[in-house]
1. For Arg80 paired with Ser43, estimate the spin-label separation in nm (one decimal), with each label point 7 Å from Cα along the Cα-to-Cβ line.
2. How much solvent-accessible surface does Ser108 expose, in Å² to the nearest 10, with a 1.4 Å probe and all protein chains in place?
3. Just flag the trypsin sites (Lys or Arg not before Pro) in the stretch 43-118 sitting in loop per DSSP whose Cβ has no more than 10 other Cβ atoms within 10 Å.
4. Just the number, please: carbon plus sulfur as a percent of the accessible area of the stretch 22-98, 1.4 Å probe, no ligands or DNA/RNA counted.
5. For the stretch 31-112, which GluC sites (Glu not before Pro) pass both filters: DSSP loop (anything but H, G, I, E, B) and at most 11 other C-beta atoms within 10 Å?
6. Would you mind putting 112-118, 123-129 in packing order, based on average other-beta-carbon counts within 10 Å, highest first?
7. Relative contact order for the stretch 46-136: what percent, with Cα pairs under 8 Å and sequence separation of 6 or more?
Amino acid sequence: MKCTFIALAILVAILPSPSVAEAKAADPCATQANTIEINQCLSNQLKARDRSLNAEYKALLQRLDESDPTDGVDYARARRLLVEAQRAWISFRDNDCSGRVVLYERGSIRGAVYTGCLIAHTERRTNELRRWMTTN
């Protein structure tokens, strides 16, 4: 039970949320009883966030492919740079989360810390991609 509390405390600190109370209320993994259940729940959350990220990325690439070539914008270059940025982001995300988990290498919380970090980065990147072609 102590491990569950620690896992939730770390996740609340890692995952973006307006308040701790809202994070606990909105956290679908808050009711898990042990580390194995927490890790499985977080893994499921990551898969869902990853699907959203991939859908947003593919939609953005499609919009760039279908953009009006007569408006003078080099959409092919924008697309290439987006692909490069996405590859760099994946490397950054993986390295950042791996670096954070080093602090917990000997604890059972390490999986929850790593997956929670991946979830937080994935949510932020999905929102960035959603706004990628806008000026605000």
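1. 4.0
2. For Ser108, solvent-accessible area is about 60 Å².
3. Arg106
4. On the way: 2540 of 4920 Å².
Roughly 52 percent of what the probe reaches on the stretch 22-98 is carbon or sulfur.
5. Of the GluC sites (Glu not before Pro), the ones in loops of the stretch 31-112 whose Cβ has at most 11 other Cβ atoms within 10 Å are Glu105.
6. Taking the mean over residues of other Cβ atoms within 10 Å, the ranking is 112-118, 123-129.
7. Values: 46 pairs, mean separation 39.0, N = 91.
The normalised contact order for the stretch 46-136 reaches 43 percent.
The values are calculated or read from the model by the stated rules, or taken from the named source; none is laboratory data. Given the structure is predicted, the values throughout are model-derived calculations rather than measurements. So basically every Cβ, Gly included, is an ideal-geometry build from the backbone, and we count neighbours across all protein chains shown. Remember, those area values only see protein heavy atoms, side chains included, never the ligands or the DNA or RNA. Shrake-Rupley method; radii C 1.70, N 1.55, O 1.52, S 1.80 Å.
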